[in-house]
Amino acid sequence: MPGSGTAASAAIGAEPHIIVRNLTMAYGSFVLMRDLNFTVKRGDIFVIMGGSGCGKSTLMRHLVGLKEPAAGEIFYRDFNFTRAQPHERELMLRRFGILYQSGALWSSMTLAENVGLPLEEFTNLTPEQIRKIASLKLALVGLKGFEDFYPSEISGGMQKRAGLARAMALDPEVLFFDEPSAGLDPISSRLLDELILELRDSLGATIVVVTHELASIFTIANNSVFLDAESRTQIATGDPHEMLAHSTDPRVRKFLTRGAEKNGAENSHG
Amino acid sequence: MSMTQSQLRQGSIALDRSDSTLRLRLNGHWHLSRDLPAASSVIAELFKQPAPRVVSFDTSGLSGWDSGLISFLLEVESACRERGIKDDREGLPAGIRRLIELAEAVPEKEGTRAAARRASILERVGDRVLAYSVGMADFLTFLGDLSIAMFKFVRGKARYRTFDFMETVQQSGPEAVGIVSLIAFLVGVILAFMGAVQLQQFGASIYVADLVGIGMVRDMGAMMTAIIMSGRTGAAFAAKLGTMKVTQEIDAFTTMGISPLEFLVLPRVMALILMMPLLCLFADLVGILGGAFVGITMLDLSFSTYMRETISTFTFVNFIGGLAKGTTYGALIGLAGCLRGFQCGNSSSAVGDAATQAVVMSIVMVVAACGAFAVAFNILRI
Ligand SMILES: Nc1ncnc2c1ncn2[C@@H]1O[C@H](COP(=O)(O)OP(=O)(O)OP(=O)(O)O)[C@@H](O)[C@H]1O
Ligand SMILES: [Mg+2]
């Protein structure tokens, strides 16, 4: 385990892991975003930022193959995910862990069964081993003792965390989190940030996070893309710290400073 | 209290035109619960020649307001913008000004309202036809995928949870027995009554047994069971899968590399295919008992004569036919329920629509299949 840790940290920032080329996203004839171009490196914690309704969740659906691009391509290393055959894609999907915005736990299964199902399907572990691993993953997100609860019997924030445990079940290479900290209290969301950093360091996973939370963005992210609903494309990509320090785009600055700068400018005007 | 109520004046508006300025004097109580003046009268004034250059407001006579006034003002403002007329908000109370600014803070996203545009009739007919052909293609794809999955099921290679399968068997089998017996018994009674009225005139009331027996076994048993199961189980499938779609649970299966078709649809359709023939047989039996009840109580037949007559009328082939129908109807109901559930949109009302459409679709398909069976059996002389 310590060995893999160093190997993982050595790999951080090395090879490109996810490459998006000229991606256009559309619902029917309604084009949401066009010409998205960015690269996520192995071991990155990559944040998708932007205002509400600009298409962050939709971009995530494209990255995991739930929606086909209207144009453009998505690569995982040199594997063309967009043009791949369904069975090749399915193999790729097993290396992903996904947390949906609504949690999306399977409502007819207990938490342990939710976390255990991927293990049951894709490994040769015995039921006891599966149960043990499921308990471990639930404990990691602070849900020790809730193994036999059904999703409807726990709170919204707890469902989010259980969804996270399920996403981590197969020790994936790439983790996708859609607003992981929405609905969590400030302390839990701090812990979640630490967990995300821990996952990257221990598993060497590449992590893609959709989030609005500035505190979280500056704690975890080392790479990002900024989507703008108005111009319907990305207006910045790179390390958010750098963006804050050097970006001259008022829209990026406004977002990263919570609009404080813009208000300040207005006040000094009036 | 009633004094002040009557003193509160209804919201009203007076227009003052002094060369290039149009002054709107707002008076009284502007509440939604009262009849408010329409913005159109003011807007008409804006379009008169020569057009005013500035619109200003005087609210000294205004005694109360709510969203009714805000929406009125927004309408006026948007007309002003359209005409390039300046609006001077100085005269408005600060609260109203802030709400208007808030409402205008986020510009409408172009393209989002495209759907609201009214299309010409040709375009709509075309859209409908295209939608039907896409729907048909979806149906065939689903059917194809399901056939492949069933093939896997038969070879024992499909991935699903036995618990799901057993639960659906329980729901669509034993738990449906009560309602199916009730309806089948009543249908048996109705058939017997219908026959009895005519047959009694010829003193041939014993043939009621034949009528009920053949009627139930050949058609009514399977048909009534199918209709009950469409409403009961087909709708439940659609609602359950639709809800899973809304909560992204189905996406979660797909992205995990687990086929939702094998995992969710297969156990449900297979459970119905297994349970429907059994339910149909049971319904046949209960229907015959219903007929016997009428025969014994009204026609003075004995139970054993009635049963002997019933048994003598139909052959083994009748039974097989009834079973084949039950199986087919089960598959159709499962298919319709699951398909509509999968096609469900992303809201709770879409789940309701999916359930309704599933029931309609399965009943239509069952009746159509019944017709097809009648023709086929006729050709085969069964
Ligand atoms: N199924 C759909 N059909 C048509 N349009 C859709 C559909 N889903 C989303 N949209 C549109 O796509 C846009 C982006 O949606 P998306 O869910 O990706 O936003 P988001 O950036 O994740 O927002 P939030 O931060 O609020 O979650 C929305 O404006 C919405 O109108
Ligand atoms: Mg979203």
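When A:101, A:129 are checked against the criterion of being under 26 Å from residue A:195 (Cα atoms), outside the structural domain of residue A:20 (by TED's automatic domain parsing) and within 16 Å of ligand 2 (Cβ to nearest atom), A:101 stands alone in meeting it. Scanning segment A:219-232 for residues that are more than 18 Å from residue A:251 (Cβ to Cβ) and either in a strand (DSSP E or B) or over 15 Å from the mean Cα position of the chain (by Cα) (or both) yields one hit, A:223.
For segment B:162-213, the tally of residues that are crowded, with 17+ Cβ neighbours inside 10 Å and within 14 Å of another protein chain (Cβ to nearest Cβ) stands at 4. Looking at B:75, B:45 in this structure, which one is touching a Lys or Arg at 6+ places or on another chain (Cβ under 9 Å), surrounded by 12 or more Cβ atoms within 10 Å (Cβ to Cβ) and modelled with pLDDT of 80 or more? Checking each option against the conditions leaves just B:45.
Residue-wise test of (1) of a type outside the set (Val, Ile, Thr); (2) in contact with an Asp or Glu (Cβ under 9 Å, 6 or more places away or on another chain); (3) at pLDDT below 90.
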{"position": "A:185", "(1), (2), (3)": "yes, no, yes"}
{"position": "A:194", "(1), (2), (3)": "yes, no, yes"}
{"position": "A:217", "(1), (2), (3)": "no, no, no"}
{"position": "A:229", "(1), (2), (3)": "yes, no, yes"}
{"position": "A:248", "(1), (2), (3)": "no, no, yes"}
{"position": "A:265", "(1), (2), (3)": "yes, no, yes"}
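Filtering segment A:193-214 to residues that are touching a residue at least 12 places away in the same chain (Cβ under 8 Å) and either more than 19 Å from residue A:174 (Cβ to Cβ) or within 14 Å of ligand 1 (Cβ to nearest atom) (or both) leaves A:208, A:209, A:210, A:211, A:212, A:213, A:214. All conditions in (1) β-branched (Val, Ile, Thr); (2) surrounded by 20 or more Cβ atoms within 10 Å (Cβ to Cβ); (3) within 14 Å of chain B (Cβ to nearest Cβ); (4) more than 16 Å from ligand 2 (Cβ to nearest atom) hold for residue A:141, with the sole exception of (3). Cβ-Cβ distances below 9 Å connect the following pairs, each with a first residue in segment B:86-100 that is without any contact (Cβ under 8 Å) to a residue 24 or more places away in the chain, a second residue that is surrounded by 13 or more Cβ atoms within 10 Å (Cβ to Cβ), and a separation of six or more residues or different chains: B:95/B:65; B:97/B:89.
The set of residues in segment A:32-89 being touching a His at 6+ places or on another chain (Cβ under 8 Å) and of a type in the set (Lys, Arg) consists of A:41, A:42, A:77.
The residues of segment B:250-264 that are more than 14 Å from residue B:351 (Cβ to Cβ), within 12 Å of chain A (Cβ to nearest Cβ), in contact (Cβ under 8 Å) with a residue 60 or more places away in the chain and of a type in the set (A, V, I, L, M, F, W, C), listed by number, are B:258, B:263, B:264. If the condition is being part of a strand (DSSP E or B) and within 21 Å of residue B:102 (Cα to Cα), then segment B:59-85 contributes B:59, B:64, B:65. Against the test of being over 25 Å from the mean Cα position of the chain (by Cα) and assigned to a helix (DSSP H, G or I), the options B:221, B:203, B:242, B:234 yield a single qualifying residue, B:221. Scanning segment B:217-249 for residues that are in contact with a helix residue (DSSP H, G or I) (Cβ under 7 Å, 6 or more places away or on another chain), surrounded by fewer than 24 Cβ atoms within 10 Å (Cβ to Cβ) and facing another protein chain (nearest Cβ under 9 Å) yields B:240, B:243, B:246. Just the residues that are without any contact (Cβ under 8 Å) to a residue 40 or more places away in the chain, away from chain B (no Cβ under 12 Å) and closer than 19 Å to residue A:99 by Cβ, please, taken from segment A:63-87. Answer for segment A:63-87, where residues must be without any contact (Cβ under 8 Å) to a residue 40 or more places away in the chain, away from chain B (no Cβ under 12 Å) and closer than 19 Å to residue A:99 by Cβ: there is none.
The values are calculated or read from the model by the stated rules, or taken from the named source; none is laboratory data. All values reported here derive from a predicted model rather than from experimental measurement. Backbone-built Cβ (ideal geometry, glycine too); neighbour counts: all protein chains shown.
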